[in-house]
Amino acid sequence: MPLVRRGRRARSGAALVETAAVLVIFLMILFGVFEYCRLLFMKQLIDNAAREGARYAVVNTTDPNLIASTQAVINTKMGGFSNYVLNWNVQVYRADISGNPVYDYQSDKVGNYVTDGKGAKNYIQFDAVKNQNYVIDPSLNKVYFTLDTKTTSITDASGAFSTYASANGVTLTDTPTNAAFGQYIAVQIDCDYNPIVPNMLRLNQTVHLRTKAFMYSEAN
């Protein structure tokens with residue numbers, strides 16, 4: 001029985017399909033490695049900038065422009081790479097032992113209060129049973145914290161008030177210049193990282209990065 005030989009043209013078509021399939025997988029791996037390395041580089045750069053900013057802040061609490069000066073140090077440490085991310089935001093504040101912000105409260109004729117993101121006043125109340133101050137969140141739950149009348153500030157070891165503040169737009173954090181010797185100053189950096197080919201790697205259009213460094217104040 002004579003053998004039937006397949007033509008070169010049929011084999012060429014199969015090779016083309018196989019090459020295309022392998023090439024797609026290869027490019028996904030290549031861009032994935034490149035993207036992951038780029039993300040790690042940016043995260044490491046931000047971590048280092050936050051750490052160096054905190055180091056500067058804890059020894060310069062007498063600087064009246066401490067927040068702006070610390071932000072300038074951080075931008076210098078970033079070496080211009082902060083321009084390659086979106087929504088770059090640096091916060092410098094006095095922190096509690098957990099690194100949560102120490103918030104300021106305000107007072108009027110009615111009493112002490114904090115202001116949410118809509119400008120509404122949420123008055124601070126006192127629970128005699130627990131011997132703690134609290135505010136009522138939108139779900140009518142009590143959010144407990146410690147009130148410092150000397151510095152007109154709120155400390156929150158449990159993190160409950162920080163969660164409430166973040167969810168409701170409370171942004172009045174205590175200035176780091178109020179941190180006494182041995183108290184914490186924190187630097188928090190937030191930004192949105194842009195992947196080069198998010199669709200190809202099935203990533204979100206942006207990846208949110210957050211890092212925080214907090215250290216003991218050494219100046220006051």
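The values are calculated or read from the model by the stated rules, or taken from the named source; none is laboratory data. All figures in this text were calculated on a predicted structure; none of them were measured in a lab. Cβ atoms come from the backbone with ideal geometry, glycine included; neighbour counts cover every protein chain shown. Side chains included, ligands, DNA and RNA excluded: accessible areas come from the protein's heavy atoms. Shrake-Rupley method; radii C 1.70, N 1.55, O 1.52, S 1.80 Å.
When the stretch 88-104 is filtered for residues that are open to solvent by 20 Å² or more (accessible area, probe 1.4 Å) and either among the small types (Gly, Ala, Ser) or closer than 20 Å to Thr76 by Cβ (or both), the ones remaining, listed by number, are Trp88, Asn89, Gln91, Ser98.
Screening the stretch 110-192 for strands (runs of 3 or more DSSP E) wholly inside it with 1 or more residues that are farther than 28 Å from Val58 by Cβ and free of Cβ contacts under 8 Å to residues at least 24 places away in the same chain returns the ranges 112-115, 121-123, 125-127, 132-136, 142-148.
In the stretch 36-72, the residue that is surrounded by the fewest Cβ atoms within 10 Å (Cβ to Cβ) out of those that are outside any helix (DSSP H, G or I) and of a type outside the set (S, T, N, Q) is Pro64.
Restricted to the stretch 159-201, and to residues there that are more than 21 Å from the chain's Cα centre (by Cα) and aliphatic (A, V, I, L, M), the residue that is nearest to Phe145 (Cα to Cα) is Ala179.
Determine whether Val33 is surrounded by fewer than 19 Cβ atoms within 10 Å (Cβ to Cβ) and more than 20 Å from Arg210 (Cα to Cα). So Val33 fits the description; yes.
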